[in-house]
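Peer 1: Pasting a structure here, questions to come.
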Amino acid sequence: MTVLDHNTSASPTLSSIPRYSVAARLLHWIVAALVLATWPLGLMIGFTKKEVTLDFYLVHESLGFLVLWVMLLRVGAKLTSKAPQHDGPRIEQIAAHSVHGLLYLFLIIMPVSGFLATNAHGFPLKWFGLVEVWSPIGKTPDIAWTLSGIHAWSAWILLGLFALHIGAVLMHHVIKRDTTLYRIL
């Protein structure tokens with residue numbers, strides 16, 4: 001990675017830094033925004049008054065379902081475009097690939113398990129209150145709580161992965177002062 005030197009005119013410009021494709025960058029930030037809206041809504045559902053719980057739940061589930069589809073687009077973008085080269089130490093490369101892989105995995109597991117859990121509890125999704133989404137399993141009480149558990153645990157795992165990801169961003173940008181962050185901007 002190129003180290004940024006803010007005291008000289010030799011600092012690289014954004015256009016000179018190898019970056020992810022426009023699609024990958026855009027989808028990354030869309031997913032980030034959706035997750036930052038969806039995760040707290042899901043956490044707050046348990047603390048809301050009964051009359052607004054269903055409203056919170058509808059928005060949470062609708063945004064989560066959107067996360068799933070945007071993540072599938074991200075997987076497609078990842079498979080069809082080349083990521084910029086990471087020149088750091090091998091251990092950093094392994095850690096970055098591992099955390100990114102797990103983020104992708106849990107950003108798919110979480111909305112799928114949430115969607116299936118609500119279906120299994122007998123509440124089919126009406127996406128943003130407008131479009132009824134086909135329920136692949138229907139009401140299935142014997143697996144509903146298992147799916148809810150997977151969804152809840154996935155949320156906490158995802159939060160931990162997010163913390164690792166943000167920690168790495170801060171390490172690269174603030175401590176190492178390299179161009180890693182600019183690859184996704």
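Peer 1: Is it the case, given these coordinates, that ARG177 is in contact with a strand residue (DSSP E or B) (Cβ under 8 Å, 6 or more places away or on another chain), surrounded by 13 or more Cβ atoms within 10 Å (Cβ to Cβ) and basic (Lys, Arg)?
Peer 2: yes
Peer 1: On to the next question. When ALA83 is evaluated against the numbered criteria (1) of a type outside the set (S, T, N, Q); (2) under 20 Å from the mean Cα position of the chain (by Cα); (3) part of a helix (DSSP H, G or I), which criterion, by number, is the only one it fails?
Peer 2: All conditions pass for ALA83, except number (3).
Peer 1: Further, regarding this structure: Please work out if THR48 is surrounded by 14 or more Cβ atoms within 10 Å (Cβ to Cβ), at pLDDT below 95 and in contact with a Phe, Trp or Tyr (Cβ under 6 Å, 6 or more places away or on another chain).
Peer 2: Yes, satisfied.
Peer 1: Let me ask something additional. Please work out if GLY101 is in a helix (DSSP H, G or I), small (Gly, Ala, Ser) and either exposed (fewer than 12 other Cβ atoms within 10 Å of the Cβ) or under 12 Å from the mean Cα position of the chain (by Cα) (or both).
Peer 2: yes
Peer 1: Look through ILE166, ILE109 and report the one residue that is touching a helix residue (DSSP H, G or I) at 6+ places or on another chain (Cβ under 8 Å), part of a helix (DSSP H, G or I), without any contact (Cβ under 8 Å) to a residue 60 or more places away in the chain and at negative phi. Talk me through it step by step, then tell me what you get.
Peer 2: Numbers: ILE166 fails: touching a helix residue (DSSP H, G or I) at 6+ places or on another chain (Cβ under 8 Å).
Of ILE166, ILE109, the one residue that is touching a helix residue (DSSP H, G or I) at 6+ places or on another chain (Cβ under 8 Å), part of a helix (DSSP H, G or I), without any contact (Cβ under 8 Å) to a residue 60 or more places away in the chain and at negative phi is ILE109.
Peer 1: In the stretch 146-174, which residue that is farther than 24 Å from ALA23 by Cα and aromatic (Phe, Trp, Tyr) is surrounded by the most Cβ atoms within 10 Å (Cβ to Cβ)?
Peer 2: TRP153
Peer 1: Starting from the stretch 141-159, take each residue that is touching a residue at least 12 places away in the same chain (Cβ under 8 Å) and under 18 Å from ASN119 (Cα atoms) and list its partners that are in a helix (DSSP H, G or I) and aromatic (Phe, Trp, Tyr), counting only C-beta distances under 8 angstrom and pairs at least six apart or across chains.
Peer 2: Here the result reads SER154/PHE106, each pair linking the stretch 141-159 to a residue that is in a helix (DSSP H, G or I) and aromatic (Phe, Trp, Tyr).
Peer 1: Does THR38 count as within 15 Å of the chain's Cα centre (by Cα) and not hydrophobic (A, V, I, L, M, F, W, C)?
Peer 2: Working: within 15 Å of the chain's Cα centre (by Cα): yes; not hydrophobic (A, V, I, L, M, F, W, C): yes.
So THR38 fits the description; yes.
Peer 1: While we're here: Might you let me know whether the stretch 35-49 holds any residue that is among the charged types (D, E, K, R) and assigned to a loop (DSSP other than H, G, I, E, B)?
Peer 2: yes
The values are calculated or read from the model by the stated rules, or taken from the named source; none is laboratory data. Here the structure is a predicted model, which is why all the values come from computation and not from measurement. Glycine also receives a Cβ, built like all others from the backbone with ideal geometry; neighbour counts cover every protein chain displayed.
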